[in-house]
Amino acid sequence: MINSEYKHGGDVFGAARSLQCSPREIYDFSANINPLGTSPMALAAITGNLDLIRHYPDQRCAELRAGLSGYLKVAPEKMVLGNGAAELISLLPRVMGYRQAVVTAPTFVEYGTAIANAGGMVCEVPLLEEDGFGLPVPRVNKALCSADVVFICNPNNPTGGAVKRSIIQSIIENARTYDTTVVVDESFIDFVYRQDQYSVLPLLIDYPNLIVLYSLTKFFGIPGLRLGVLMAGELIIKRIEAAKDPWNVNCLAQIAGTAALVDEKFMTQTRQLIWQERDFLHSAISLIPGLKAFTGEANFLLVKIESSFISSTQLAAQTALEGVLVRDCAGFSGLGSKYIRVAVRTRAENMVLLKVLREIMKGAAHGL
């Protein structure tokens, strides 16, 4: 069920207005962005090329496309660049004519929204808590026989679960029998340990019914610039290229993305930080009475509120009053009012989050 009142996380500007403070004073755990900030090489490239904003952006994104080709090991002619992955998701049903979609629940809401906005129908396959919110392959395979597109978020947002390539390949293989397209969103794949076992990019050459989405926003810390990539066979790419806006990727986004893709030091530091702090945060949250953190493979954790004294909306509102934003998951289909999502950030920031959560949960237990 598409929630018309769904709101994304990351509204630091709105929170700052409410608290009458600077956005820099907000601890934002509601948006899953690199806690180290923006790639230093990307920042340097931006500041060194500000004069280029007097020109129209390169419609072909030639330098960025070449950089992505080397980084992702995908031929440049199999790519479409977008103003974030969300723009590319919204293009798919409009350009490709998808009207019957299968999505898991919970998952990123934009898949269902894009189909609904195009006048299509969405079939939801529930992810069950008792199964660790794992991907129910038999039920997905059963549903796809009457669909023209299936969306799989890997790792999944907001649950954080990741599925290995061999499992998704079995779904793609089955979908090909029914002439169904499989869209795999790998926006958080860079945060996954041993991502080479999970990414389906190597399958593009063998499966014309496969589309892969990738985002530079999260890992390289450029949500304010917006930058996403869609990869598929050349026939699909040509149709989407012909339909998108000609200058949809601004010149600073292209410059930043190209530079970030060779910032090896930043990438290594990011992965080390996320893998260490994800384990720390998972253990620490699970020690707070009334909260249960689920394991995840991305840079965020899904947390269940097991206390009957407070809802996710109330908890998110109370943390916000302390200048700490968490993601209320009540708007995700399949979750309800007892789940929040928190980003993995630096140890100092994570300690602030833990302190606020402990105080609020203690107060809730005592009826305060």
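The values are calculated or read from the model by the stated rules, or taken from the named source; none is laboratory data. Just so we're clear, the structure is a prediction, and the values are computed from it rather than from any experiment. Every residue, glycine as well, gets a Cβ built from its backbone with ideal geometry; the counts of neighbours run over all protein chains shown.
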- Query: What pairs come up if the first residue lies in the range 119-135 and is modelled with pLDDT under 95, the second is assigned to a loop (DSSP other than H, G, I, E, B), and their beta carbons are under 8 Å apart, counting only those six or more places apart or on different chains?
  - Reply: GLY132/GLY161; GLY132/PHE294; GLY132/THR295
- Taking the range 181-194 and the residues there that are without any contact (Cβ under 8 Å) to a residue 60 or more places away in the chain and either touching a strand residue (DSSP E or B) at 6+ places or on another chain (Cβ under 6 Å) or part of a loop (DSSP other than H, G, I, E, B) (or both), the one that is surrounded by the fewest Cβ atoms within 10 Å (Cβ to Cβ) would be ARG194
- Filtering the range 36-95 for residues that are crowded, with 20+ Cβ neighbours inside 10 Å, among the small types (Gly, Ala, Ser) and assigned to a loop (DSSP other than H, G, I, E, B) leaves a count of 2
- List every residue pair whose Cβ atoms sit under 9 Å apart, with the two residues 6 or more apart in sequence or on different chains, where the first one lies in the range 1-26 and is farther than 29 Å from ALA101 by Cα and the second, anywhere, is basic (Lys, Arg) and modelled with pLDDT of 75 or more. VAL12/ARG24; ALA16/ARG24
- Task: Please enumerate the residues belonging to the range 266-301 that are without any contact (Cβ under 8 Å) to a residue 24 or more places away in the chain and within 30 Å of ASN49 (Cα to Cα).
- Result: THR268
- Note on the structure: The lone condition TRP247 fails out of (1) surrounded by 16 or more Cβ atoms within 10 Å (Cβ to Cβ); (2) in contact with a Phe, Trp or Tyr (Cβ under 9 Å, 6 or more places away or on another chain); (3) of a type outside the set (Lys, Arg); (4) in contact (Cβ under 8 Å) with a residue 40 or more places away in the chain is (1)
- Can we say LYS304 is touching a Lys or Arg at 6+ places or on another chain (Cβ under 7 Å), over 24 Å from GLY224 (Cβ atoms) and touching a residue at least 24 places away in the same chain (Cβ under 8 Å)? yes
- Message: Looking at the range 54-67, I want the residues that are aromatic (Phe, Trp, Tyr) and have a partner that is in a loop (DSSP other than H, G, I, E, B) with Cβ atoms under 8 Å, at least 6 apart or on another chain. Which pairs are those?
- Response: TYR56/TRP247
- Residue within the range 270-286 that is of a type in the set (Val, Ile, Thr) and assigned by TED's automatic domain parsing to the domain that holds ASP51 present: no
